[in-house]
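The structure appears right after this line, and notes come after that.
Quick note: the coordinates plus some simple rules give every number you see, no bench work behind them. Remember, it's a predicted structure, so these values are computed and weren't measured experimentally. Heads up, the Cβs are rebuilt from the backbone with ideal geometry, glycines too, and the neighbour counts pull from every protein chain shown.
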Amino acid sequence: MTVRSRSLIAATLASFILGAGLLFAFEKAVTLAAGIMLLFAFIVLGVFAIASPEYLARAVDRSELPEDGSKRT
Amino acid sequence: MLPELAAAAIVVGLSAYLVLGGADFGAGFWDLTAGGARRGARVRGMIKIAMGPVWEANHVWLIFVLVVFWTAFPVAFGSVTSTLYVPLFAAAVGIIFRGAAFALRGEAATIAEARALGAAFALSSVLVPFFLGAAVGGIASGRVPVGNASGDALTSWWNATSVIVGALTVAAGAHLAAVFLAADSVRAGQPDLVRTFRTRALGSGLAAGALAIAGLLVVREDARSLFDGLTSGGGLALVLASGLAGLVTLGLEWRNRFELARYTAAVAVGSIVAGWAIAQRPDLLPGELTLDQAAASDATLVVLLISVAVGMLVLLPSLRYLFRLVLRGDLDTEFHPLTAGDDRTQA
Amino acid sequence: MQALSFAVHIPLVCFGISFPAMVLFVEGLYLRTGDPLYKALAKRWSKVMLILFAIGVVTGTILSFELGLLWPEFMATFGAVFGDAFALEGFSFFIEAIFIAIYVYGWDRLPRRTHFLTGIPTVITGFVGSMMVIAVNSWMNNPTGFSIENGLVIDVRPLEALFNDNLWHELVHMYLAGYVVAGFVVAGVYAWSWLHGKHDRYHRTALVVALSVAALAAPAQVLVGDWAARTVAERQPTKLAALEGLGPTTKDAPIHIGGIYDEDERKVKSGIEIPKALSLLAFHDPDATVQGLEAVPPQDRPPVNVVRFSFQSMVAIGTGLAALSILYLAVWWRKRRLPRSAWFYRAVVAAGPLSVVALICGWVTTEVGRQPWVVYRIMRTSEAVTGADGIPVGYGFLVAVYLCLGAVAFVMLRRLARRPIDTGEPHRETAVRGSERRVGGS
């Protein structure tokens, strides 16, 4: 894993935990707003983290093919 | 002042809808009358590529008009929609069919399917402007009273004025479409289609002019105050302007100057809408409600007008960008005659 | 009738909200890597986007017409209060229409970077447009910004009306729903292909992008839903009472899963009781007192069982989607690959339509839960409606129209999906397999 992808994942996680905490635990307008912003950040960062060019460039190998009951190529 | 500005916004929006959306409907008219599958294929192919990028944007003007109307003149809006629900509902259904048919026609796989979708598209393209025009005629001839469904459900839109206004709307749209399509055919390098649309433009232009004159005569009998409004002062000036622009347009079409004809045709149509509005002054619902009586409070109108101004600031440059790209040919797909399942013209 | 048109319109709205961002993400991958596969996928998705948007504009126009046709009293009385939002919404969708057209028709015709940039307004307008519509709905649930004197609406303050306290949770909840629904619907299509042997990079990419968006949005949505429930508890206590079926005002109020609310006995029968859960959900305090249905007279209460059932369906599906998402994310986290189980993919296929069901249930909950009011505690739905006859005829007609439309759209989109993908490379899956069904192949 590259350093960049590691920090991206860390940022994603942090956004979720902070965002969820703020949204869930408090009722003030400013914490709600911050919580929502962080949750949105979580989604955006997460998509970039998962759907990275490296991950998408992989050819499909056996380890990913569905087992039990689906049809094969 | 504020109610007048709001009304002006409606007039501008309605004119834009009539010119741009009307041209789209008119294109549907030519699609309907293009002939059988083989003869009409070239005409239909041209219509498809001309409409492709702009048809949705063209129709949002209608929503704009509705929204400004119900925000600025809510009581009048309620009265209009409750009395004129038949033509408005019919227009709404026509809009559904039309939009869907156009969007999906490209995916037709058999001739039968293409015909069915094409027919749905074309038929609704004629009925929608007729019904909307009839509704306008109903308003203009004072047949919409204030209140919840207080007017007659049938005669409010099925009367002499409404019918002629409806027919005129269809004709005006057809004419605009023919002019636009002729100009588009020039750009696409299809001289036979240029000739085809030129003939249609001249024909429909004359028909529209005849209907307009007939309209004045009908209104003289049916809605005297409207006639008076159209034949004096500002109303008269705009009617004459429209007539003049119409004649100039016919001349330009005759001489194959279609790009210029686009604009003069638009002016002719826009002037009629403005003329109608001036003729009705100061009433919004003739004989029932003046503009000032119908208007919402200043607070609402101010926010509305500011929203419209800000919206236009973003919208007009975007629209200009779209039309510039279209007119420059940057968004043109290749011309193909449109029969069935023949969809290699996808972008 | 309005509800029917709305139910048809709202899934399309989800695509308008979120699909542009998804398409742009894929085009971004193309710009970054130069791989034509991403371009082909983005192009294919943008064509679907255009068709769905077009149908969305049409159904949206119908809704605007219906507002006037069906509710003239509502529009006449309150049009001036909330109408400005629709003006801005109209502009948003106008601009979205313009730029979607430029985007789809401009592929390969505009310079690459310019083309990408023309997609950005569609993302913004998707947000602004939905915000404006939600502003109106939130106002209906929480009417402010005007006064009533002698039965007349006066002293209209439109900005206060529209930027009311209810707006934010409704907006965030719906905006996220857009991503959940579009994400799972698209992912479901590709999960189906995945189960039917389409395992090339193209399908894998499509699946990963769509599923990742959905799987990240769904858990967030559960949290937002909790926030929404808390706000409803505060501002529309009768609606909250109907969500559960709480007759008398109760301390330590429970939630009953399933079961039916009985009007006469004033309680839920044959449900599974979870003690204190409603107080916990509504106020994050197990001992809180929750207002019951009986705090208001019977004619001011909504149809409880409809609201209960749709609320619980929405929550059940939403929770299921979140669980599915966590599974996907966990497998990625630990194994850096896609899940292997065929049942996972079957669940994703189901998740598409189920998320639409949850979406509609959510709207039923909030709209039916607001009854008998169209403007909460100010105007009844019955007072707002048109005096014209013929509504049942119109309704029947509209149902037929929508069924027809839905069928045609489905067939056509399927055909579009079956067309060979334009990667500019020779494709590997050209053979038609004899007995194997070819469905939704891209």
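Summary of computed values
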{"quantity": "Set C:GLY145, C:GLY129: member being more than 10 Å from every other protein chain (Cβ to nearest Cβ) and either out of contact with any helix residue (DSSP H, G or I) (no Cβ under 7 Å at 6 or more places or on another chain) or touching a residue at least 24 places away in the same chain (Cβ under 8 Å) (or both)", "calculated": "C:GLY129"}
{"quantity": "Unique match (being more than 14 Å from chain B (Cβ to nearest Cβ), of a type outside the set (D, E, K, R), within 20 Å of the chain's Cα centre (by Cα) and more than 30 Å from C:THR238 (Cβ to Cβ)) among C:ALA347, C:ALA358, C:ALA330", "calculated": "C:ALA347"}
{"quantity": "Selection count, segment B:237-255, where residues are more than 14 Å from B:LEU216 (Cα to Cα) and in contact (Cβ under 8 Å) with a residue 40 or more places away in the chain", "calculated": "5"}
{"quantity": "Hits in segment B:129-154 (condition: within 14 Å of chain C (Cβ to nearest Cβ) and among the hydroxyl-bearing types (Ser, Thr, Tyr))", "calculated": "B:SER150"}
{"quantity": "Residue in segment C:257-277 that is more than 14 Å from every other protein chain (Cβ to nearest Cβ), in contact (Cβ under 8 Å) with a residue 40 or more places away in the chain and part of a helix (DSSP H, G or I) present", "calculated": "no"}
{"quantity": "Any chance C:VAL331 is of a type in the set (Val, Ile, Thr), in contact (Cβ under 8 Å) with a residue 24 or more places away in the chain, over 17 Å from C:GLN371 (Cα atoms) and surrounded by 15 or more Cβ atoms within 10 Å (Cβ to Cβ)", "calculated": "no"}
{"quantity": "Subset of segment B:66-96 that is facing another protein chain (nearest Cβ under 9 Å) and surrounded by fewer than 22 Cβ atoms within 10 Å (Cβ to Cβ) - its residue that is nearest to B:ARG143 (Cα to Cα)", "calculated": "B:VAL86"}
{"quantity": "Every residue from segment C:326-383 that is of a type in the set (Ser, Thr, Tyr) and in a helix (DSSP H, G or I)", "calculated": "C:TYR328, C:TYR345, C:SER355, C:THR365, C:THR366, C:THR381, C:SER382"}
{"quantity": "Boolean, C:PRO303 is touching a helix residue (DSSP H, G or I) at 6+ places or on another chain (Cβ under 7 Å), away from every other protein chain (no Cβ under 14 Å) and either over 24 Å from C:VAL222 (Cβ atoms) or loosely packed, with under 14 Cβ neighbours inside 10 Å (or both)", "calculated": "yes"}
{"quantity": "Segment A:1-20: number of residues that are facing another protein chain (nearest Cβ under 10 Å) and more than 13 Å from A:MET37 (Cβ to Cβ)", "calculated": "4"}
{"quantity": "Set B:GLY173, B:GLY203: member being in contact (Cβ under 8 Å) with a residue 40 or more places away in the chain, more than 13 Å from B:ALA50 (Cα to Cα) and assigned to a helix (DSSP H, G or I)", "calculated": "B:GLY173"}
{"quantity": "Matching option when the condition is more than 24 Å from the chain's Cα centre (by Cα) and within 10 Å of chain B (Cβ to nearest Cβ), among C:VAL81, C:VAL58", "calculated": "C:VAL81"}
{"quantity": "Cβ-Cβ under 6 Å pairs, at least 6 apart or on other chains, segment C:227-242 side assigned to a helix (DSSP H, G or I), far side buried (at least 20 other Cβ atoms within 10 Å of the Cβ) and of a type in the set (D, E, K, R)", "calculated": "C:VAL232/C:LYS239"}
{"quantity": "Some residue of segment C:112-126 being at the interface with chain B (Cβ under 8 Å from one of its Cβ atoms), among the β-branched types (Val, Ile, Thr) and part of a helix (DSSP H, G or I)", "calculated": "no"}
{"quantity": "Filter result (more than 7 Å from chain C (Cβ to nearest Cβ), within 14 Å of A:ALA10 (Cα to Cα) and not β-branched (Val, Ile, Thr)) within segment A:21-62", "calculated": "A:LEU38, A:ALA41, A:LEU45, A:PHE48, A:ALA49"}
{"quantity": "Of all residues in segment C:186-220 being within 9 Å of chain A (Cβ to nearest Cβ) and closer than 16 Å to A:PHE16 by Cα, the one that is farthest from the chain's Cα centre (by Cα)", "calculated": "C:SER212"}
{"quantity": "Qualifying residues in segment B:283-315 (those that are more than 7 Å from chain C (Cβ to nearest Cβ) and among the small types (Gly, Ala, Ser)) - the one nearest to B:SER150 (Cα to Cα)", "calculated": "B:GLY287"}
{"quantity": "Lone qualifier among B:ILE213, B:ILE164 - being among the aliphatic types (A, V, I, L, M) and free of Cβ contacts under 8 Å to residues at least 24 places away in the same chain", "calculated": "B:ILE213"}
